[in-house]
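Asker: After the structure tokens below, expect a handful of questions from me.
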């Protein structure tokens, strides 16, 4: 969405980013360009922090630290982008989205690899994904078209979803299937709202002028995209953890792993009934 003349002036000046979303700029705070699109990124900052602490406590493999780390980086990048609408901060948001998804694809590809082995698994794919990440960054910096980022990110997400479906079919894991469905529903619903925000921006802007101020934040569809998509991606990390330990039975601390706390954590549970 192009910069709109009705937007108010603010601390960071006129936006230099290639995208300006539907939320009216500096309407809530002089120092924050898009208040609700900014604070909604807490969904991609606080849960990953919890996830990192939780994985350390549960003594999960170190590879999952970077899954949470990339979500958190995207959260901070998106926060900075929507707070300033500066091109540099836009890159801080959009480049890690692609890099983090590449890492997710790699993690899903090495589910069967021994977690305690010192050998780097699937080196060819790791090299390929690294090259893709670097080439994308170079091309995007040279040709900063948002559609390019959207297409590349979308393709990578589709690949990761295909990997998860393959693991579900192969492992016949009921818990994995449930987590996949929950994550996919949240993510797709967020994507649906993202499109609503883009396509019906004028209608949403008109609606906000007719409803009470306290209700206006709930019409910020891009903010809801952050919340629902961030939640879906977070659950995807739990899926990766569960599928890995479901395959490597020798590393289990109990009978099985089950999601808890509304899918914000995953815990060892002994489901064997005592007689």
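Asker: Scan segment 208-224 and tell me whether some residue there is surrounded by 18 or more Cβ atoms within 10 Å (Cβ to Cβ), at pLDDT 95 or above and touching a strand residue (DSSP E or B) at 6+ places or on another chain (Cβ under 6 Å).
Answerer: no
Asker: For segment 31-48, check the following and say yes or no: at least one residue is closer than 18 Å to residue 224 by Cβ, at pLDDT below 95, surrounded by fewer than 22 Cβ atoms within 10 Å (Cβ to Cβ) and touching a helix residue (DSSP H, G or I) at 6+ places or on another chain (Cβ under 8 Å).
Answerer: No, that holds for no residue.
Asker: On the basis of being in a helix (DSSP H, G or I) and either at pLDDT 95 or above or under 22 Å from residue 199 (Cα atoms) (or both), does residue 21 make the cut?
Answerer: Answer is no for this residue.
Asker: Sticking with this one: Look at segment 140-162 and say how many of its residues are over 19 Å from residue 71 (Cα atoms) and surrounded by 14 or more Cβ atoms within 10 Å (Cβ to Cβ).
Answerer: Matching residues across segment 140-162 total 4.
Asker: Can you tell me which residue among 119, 134 is free of Cβ contacts under 8 Å to residues at least 40 places away in the same chain and in a loop (DSSP other than H, G, I, E, B)?
Answerer: One residue alone meets the criteria, 119.
Asker: I would also like to ask the following. Taking into account only those residues within segment 78-88 that are crowded, with 22+ Cβ neighbours inside 10 Å and assigned to a helix (DSSP H, G or I), which is farthest from the chain's Cα centre (by Cα)?
Answerer: Looking only at segment 78-88, we keep the residues that are crowded, with 22+ Cβ neighbours inside 10 Å, and these are 78-79, 81-85.
The next check asks that each one be assigned to a helix (DSSP H, G or I); those that pass are 78-79, 81-84.
On the way: 78: 11, 79: 13, 81: 15, 82: 16, 83: 18, 84: 20 Å.
Within segment 78-88, the match that is farthest from the chain's Cα centre (by Cα) is 84.
The values are calculated or read from the model by the stated rules, or taken from the named source; none is laboratory data. What you see is a predicted model, and the numbers here were worked out from it, not measured in a lab. Reconstructed Cβ throughout: ideal geometry from the backbone, glycine too, with neighbour counts over all protein chains shown.
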